[in-house]
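Enquirer: First the structure, which I've put down as structure tokens, then a few questions once you've had a look.
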Amino acid sequence: MIRSLYTASTGMFAQQVNMDNIANNISNVNTTGFKKSRVAFEDLLYSRLPAPRTGANETTLQIGSGVRVAATIRDFSDGGVLHTNQLLDVALNGDGFLAVTMDGQIAYTRSGSLQVSGGRLVTSSGYPVLDTRGREIRIDNDISQVEIDENGYVTGFSGNSHTPRNLGQIGVARVPNQHAMRAIGGSLFVSDERLDIGEPGRNQRARLMPGFLEMSNVQVIEEMVNLITAQRAYEVGSKAIQASDEMLQQANNLRR
């Protein structure tokens, strides 16, 4: 009975983590470039109990010790796209990320809400976007009407010129082992792998969709079903603890 109390409590804790993860997914349903995640569980060690011999065979009894959270797994499937008609908004259609510099390290994002700030092309959070060679895209102060095309070329007009000027080409980075990436907030991810960046649409890299934004890949109905399932599992775990506690009290009363 003491074992059942502990075992049921591990299930309740695991479902609490599951509910926290589901709540985070639902909270970010409208977050640009957000990628949902799910919780993976695994069973704990089993205890071997002595069992009577039955003829020449010996029966082994195994009792599980509960469950634990093994990992959170990120789903990098594409989200829906929103038509914004903004000149500096881009969505990625296919495999890849925009690469940015953040505090001296490379980070990756699918959030393509870009702007010009401090003479550079940056994300909405102010992180510089990298070109096909892994360099920041510089934009002089006299440049106006900055646009991005489907090949990632950034153009603008200098002074009174009526001819667009090429300012650089946005790179698309590929990360082979996406599940090893770590989320750091702001729809940003980091990876220990070497930066692999190149032209959009080349070597199986995503193409850019100017004037669009990729939204979250969270499906609200799916998350609500998962939430109800987790809630029911949590309730069952609490009832198992109550039942074990009542049985323990009855056993203690027999000694009196």
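Enquirer: Quick one: D140 ticks every box in (1) touching a residue at least 40 places away in the same chain (Cβ under 8 Å); (2) under 24 Å from G159 (Cβ atoms); (3) assigned to a loop (DSSP other than H, G, I, E, B) bar one, so which box is it?
Expert: Only one criterion in (1) touching a residue at least 40 places away in the same chain (Cβ under 8 Å); (2) under 24 Å from G159 (Cβ atoms); (3) assigned to a loop (DSSP other than H, G, I, E, B) is unmet by D140, namely (1).
Enquirer: While we're on this one: Anything in segment 206-222 that is under 17 Å from S187 (Cβ atoms), under 16 Å from the mean Cα position of the chain (by Cα) and outside any strand (DSSP E or B)? List them, or say none.
Expert: Within segment 206-222, M215, S216, N217, V218 qualify.
Enquirer: To continue, here is another question. Being of a type in the set (G, A, S) and assigned to a strand (DSSP E or B) is the filter here, so list the residues in segment 165-182 that pass it.
Expert: Within segment 165-182, the first condition is being of a type in the set (G, A, S), and the residues that meet it are 168, 171, 173, 180.
The answer is G168, A173.
Enquirer: Between a residue in segment 203-219 that is crowded, with 19+ Cβ neighbours inside 10 Å and any residue that is in a strand (DSSP E or B) and hydroxyl-bearing (S, T, Y), which pairs come within a Cβ distance under 9 Å, given they are 6 or more apart or on different chains?
Expert: L213/S113
Enquirer: Of the residues L87, L98, L121, L114, only one is in contact (Cβ under 8 Å) with a residue 60 or more places away in the chain and in a strand (DSSP E or B); which? I'd like the intermediate steps shown before the answer.
Expert: Details: L87 fails: in a strand (DSSP E or B); L121 fails: in contact (Cβ under 8 Å) with a residue 60 or more places away in the chain; L114 fails: in contact (Cβ under 8 Å) with a residue 60 or more places away in the chain.
Result of the check over L87, L98, L121, L114: L98.
Enquirer: While we're looking at this one, here's another question. Mind checking which residues of segment 128-137 are assigned to a loop (DSSP other than H, G, I, E, B), of a type outside the set (K, R) and without any contact (Cβ under 8 Å) to a residue 40 or more places away in the chain? First the steps, then the outcome.
Expert: Our first condition is that a residue be assigned to a loop (DSSP other than H, G, I, E, B); within segment 128-137, this holds for 132-135, 137.
After this cut, where a residue has to be of a type outside the set (K, R) as well, the list is 132, 134, 137.
The one that is assigned to a loop (DSSP other than H, G, I, E, B), of a type outside the set (K, R) and without any contact (Cβ under 8 Å) to a residue 40 or more places away in the chain: I137.
Enquirer: Determine, yes or no, whether R120 is under 24 Å from S37 (Cβ atoms), charged (D, E, K, R) and not assigned by TED's automatic domain parsing to the domain that holds F34. Explain how you work it out, then say what you get.
Expert: Numbers: under 24 Å from S37 (Cβ atoms): no; charged (D, E, K, R): yes; not assigned by TED's automatic domain parsing to the domain that holds F34: yes.
So R120 does not fit the description; no.
Enquirer: For G168, only one of the following conditions fails: (1) on the phi < 0 side of the Ramachandran plot; (2) surrounded by 13 or more Cβ atoms within 10 Å (Cβ to Cβ). What is its number?
Expert: (1)
Enquirer: Which of the residues belonging to segment 65-84 are under 26 Å from Q169 (Cβ atoms) and either without any contact (Cβ under 8 Å) to a residue 40 or more places away in the chain or in a strand (DSSP E or B) (or both)?
Expert: Once the filter is applied, which keeps residues that are under 26 Å from Q169 (Cβ atoms) and either without any contact (Cβ under 8 Å) to a residue 40 or more places away in the chain or in a strand (DSSP E or B) (or both), segment 65-84 yields V81, L82, H83.
Enquirer: For segment 97-123, which positions are modelled with pLDDT under 95 and either of a type in the set (G, A, S) or surrounded by 22 or more Cβ atoms within 10 Å (Cβ to Cβ) (or both)?
Expert: G104, S117, G118, G119, listed by residue number.
Enquirer: A further question follows. Out of D89, D142, I need the residue that is over 17 Å from A183 (Cα atoms), at pLDDT below 95 and either buried (at least 21 other Cβ atoms within 10 Å of the Cβ) or not β-branched (V, I, T) (or both). Which one? Break it down stepwise before answering.
Expert: Working: D89 fails: at pLDDT below 95.
The match here is D142.
Enquirer: Anything in segment 183-196 that is out of contact with any Phe, Trp or Tyr (no Cβ under 9 Å at 6 or more places or on another chain) and either under 18 Å from G94 (Cβ atoms) or assigned to a strand (DSSP E or B) (or both)? List them, or say none.
Expert: If the condition is that a residue be out of contact with any Phe, Trp or Tyr (no Cβ under 9 Å at 6 or more places or on another chain) and either under 18 Å from G94 (Cβ atoms) or assigned to a strand (DSSP E or B) (or both), then I184, G185, D196 are the ones that fit.
The values are calculated or read from the model by the stated rules, or taken from the named source; none is laboratory data. Computed from a predicted model, the values in this text were never measured in an experiment. In this analysis, Cβ positions are derived from the backbone assuming ideal geometry, glycine residues included, and neighbour counts consider all displayed protein chains.
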